[in-house]
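Heads up: the structure comes next, in structure tokens.
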Amino acid sequence: MSLHKRFADIVGAANVLTAPADTKPYYTDWRRQYSAPAECVVRPASTPEVSQVVALCAAEGIAVVPQGGNTGLVGGSVPTGTRREIVLSLGRMNRIRALDALNDTVTVEAGCVLAAVQSAADEAGRLFPLSLAAEGSCQIGGNLSTNAGGVNVLRYGNAREQVLGLEVVLPDGRVWDGLRGLRKDNTGYDLKQLFLGAEGTLGVITAAVLRLYPKPAASATAWIAVQSPRDAVELLAALRERLGERISAFELISRACLEAVLRHVKDLKDPLPAPHPWYVLAQLADSGGAAELEERAAEALAGREAVLAQSGEQARNLWRIRESIPEAQFTNVKHDISLPVSRIPDFVERAGRELRALFPDAQIYCFGHVGDGNLHYNVGPERLLEKRAAVSRVVYDAVASLRGSISAEHGLGQLKREEIRAHKPPLELELMRKVKAALDPHGVMNPGKVL
């Protein structure tokens, strides 16, 4: 019996894709930087089906590439083309299994689109705080496998902090049921942490128990002009002193990013009458009244050039600016880095100076979650893609000198797999390889990624 027929017996013939027109979206990453063929795309609809597919692949020595919404930026969710592989697409596993409002948890399958999880929480009067520009298409399994960050990390933490329990199909097809909605469980190793951020290299996340939070009664959105990244970092410290945990997002945006968005999205307008070199987009939330929160925000921002959104539509348009930045400067050399918040100004000054010394026409698009030290530092024009290694060397050397990380929230995938060797101590890499060998001794889970 052919391999495709055996897969079809598990998931149904309609869910084994082999035609080039059908498989192309699964074999190519979102930025179209990586593309390679595989045996086929298999689309299971349940955890037992995932288990059977993975067990069959293990028996046949076929690698498994787990894939969610395929919105990643580092080539982590597509085949490498270096061996026999299948793409295991989890999009059909999109059920919300349970929502426990009293326990503030929701149990969801890996193929649930992030926006659907947010909506389910909202309908129950709760908040699921993970929020990304791709939330309309990215899937929870991918979010957890890459330990996604997003705009609310400052207050709520990364994807890792939103997880209480996991269900995982292991590389041999066995299913680990760790779907526990417990906030305290001191009974040994916290195994779920192995799979969060592992990019599918240790197993396939099929479901998760996620934390929910009380839905804020009031919110306020502010667009604030700042003169420099140092001014932004100092503003963050001042606002945290005055507003505390009410600050849920604090995004840094350069003038170059704003201008790119205004060219790309014609119906958006510059929020302020005069241009400024940098901006901060801040989101505040509280359990009290809207008027009280807006008054607090206005007092905290007194004396600054700023706009405090006066309607839901105005707030949404301010966030549309931020969310449109990735597509507005799509083709350039991208970096996703993290630094101690206090060192962000030093990095921006050093990297910019050294890049322009090497590439006088360098166009730098700097934006990101400055509240948690995560910058997206992208360098154009497009011709510099041919000199990606030299551009990234400048950026990564500056990051290393400030004891930062070359990957804050996008993962390593194929893009940074080799680069990480220069940044992690040999012992740390050795321990990672030992974990990989213990859980996936035959190397069938998402090979060619991370390690």
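The values are calculated or read from the model by the stated rules, or taken from the named source; none is laboratory data. Since this is a predicted model, take the numbers as computed values, not measurements. Heads up, the Cβs are rebuilt from the backbone with ideal geometry, glycines too, and the neighbour counts pull from every protein chain shown.
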Is it the case that some residue within the range 430-442 is modelled with pLDDT of 95 or more, in contact with a strand residue (DSSP E or B) (Cβ under 7 Å, 6 or more places away or on another chain) and among the β-branched types (Val, Ile, Thr)? no
Among (1) part of a helix (DSSP H, G or I); (2) more than 20 Å from the chain's Cα centre (by Cα); (3) modelled with pLDDT of 95 or more, there is one condition Arg421 misses while meeting the rest; what is its number? (3)
Is one or more of the residues making up the range 13-20 under 20 Å from the mean Cα position of the chain (by Cα), crowded, with 16+ Cβ neighbours inside 10 Å and either without any contact (Cβ under 8 Å) to a residue 60 or more places away in the chain or not assigned by TED's automatic domain parsing to the domain that holds Gly413 (or both)? no
Picking from Glu135, Glu109, the residue that is within 24 Å of the chain's Cα centre (by Cα), surrounded by 20 or more Cβ atoms within 10 Å (Cβ to Cβ) and more than 23 Å from Gly173 (Cα to Cα) would be Glu135
Result of the Cβ filter at 6 Å on the range 23-49, keeping first residues that are closer than 17 Å to Ile10 by Cβ and partners that are surrounded by 18 or more Cβ atoms within 10 Å (Cβ to Cβ) and of a type in the set (Phe, Trp, Tyr), at least 6 apart or interchain, is Val41/Tyr26; Val42/Phe7
Going through Leu144, Leu164, Leu182 one at a time, which residue ends up being within 24 Å of Gly413 (Cα to Cα), touching a strand residue (DSSP E or B) at 6+ places or on another chain (Cβ under 7 Å) and either in a loop (DSSP other than H, G, I, E, B) or not aromatic (Phe, Trp, Tyr) (or both)? Leu144
Answer with yes or no whether Val64 is in the same structural domain as Ser145 (by TED's automatic domain parsing), closer than 21 Å to Thr206 by Cα and not in a helix (DSSP H, G or I). no
Of these, Asp190, Asp177, which one is more than 18 Å from the chain's Cα centre (by Cα), in a strand (DSSP E or B) and free of Cβ contacts under 8 Å to residues at least 12 places away in the same chain? Asp177
Return the only residue of Glu305, Glu294 being over 27 Å from Ala408 (Cβ atoms), charged (D, E, K, R) and modelled with pLDDT under 95. Glu294
Residue within the range 83-103 that is among the charged types (D, E, K, R), without any contact (Cβ under 8 Å) to a residue 40 or more places away in the chain, surrounded by fewer than 20 Cβ atoms within 10 Å (Cβ to Cβ) and farther than 21 Å from Val151 by Cβ present: yes
Taking the options Leu355, Leu385, name whichever one is more than 23 Å from the chain's Cα centre (by Cα) and part of a helix (DSSP H, G or I). Leu355
I'd like to know if the range 275-296 contains one or more residues that are under 28 Å from Thr331 (Cα atoms) and among the basic types (Lys, Arg). no
Give me the residue from the range 41-71 that is of a type in the set (Gly, Ala, Ser) and in contact with a Pro (Cβ under 7 Å, 6 or more places away or on another chain) and, out of that set, surrounded by the fewest Cβ atoms within 10 Å (Cβ to Cβ). Ala58
For Ala400, which of the numbered conditions (1) part of a helix (DSSP H, G or I); (2) in contact (Cβ under 8 Å) with a residue 24 or more places away in the chain fails to hold? (2)
Identify all residues within the range 220-269 that are closer than 29 Å to Asp104 by Cα, surrounded by fewer than 18 Cβ atoms within 10 Å (Cβ to Cβ) and touching a strand residue (DSSP E or B) at 6+ places or on another chain (Cβ under 8 Å); write none if there are none. Arg240
Count of residues meeting criterion [surrounded by fewer than 19 Cβ atoms within 10 Å (Cβ to Cβ), closer than 27 Å to Leu431 by Cα, out of contact with any Lys or Arg (no Cβ under 8 Å at 6 or more places or on another chain) and not basic (Lys, Arg)] in the range 180-218: 8
For the range 302-315, which positions are outside any strand (DSSP E or B) and either exposed (fewer than 13 other Cβ atoms within 10 Å of the Cβ) or aliphatic (A, V, I, L, M) (or both)? Ala302, Gly303, Ala309, Gln310, Ser311, Gly312, Glu313, Ala315
When the range 332-363 is examined, which residues are found to be among the aromatic types (Phe, Trp, Tyr) and either in contact (Cβ under 8 Å) with a residue 60 or more places away in the chain or out of contact with any Gly (no Cβ under 9 Å at 6 or more places or on another chain) (or both)? Phe359
Out of everything in the range 118-132 that is aliphatic (A, V, I, L, M) and buried (at least 22 other Cβ atoms within 10 Å of the Cβ), what residue ends up being nearest to the chain's Cα centre (by Cα)? Leu130
When the residues of the range 74-91 are narrowed to those that are part of a loop (DSSP other than H, G, I, E, B) and among the charged types (D, E, K, R), which ends up nearest to Gly448 (Cα to Cα)? Arg83
Scan the range 258-270 and tell me whether some residue there is more than 30 Å from Val163 (Cα to Cα), under 23 Å from the mean Cα position of the chain (by Cα) and among the small types (Gly, Ala, Ser). yes
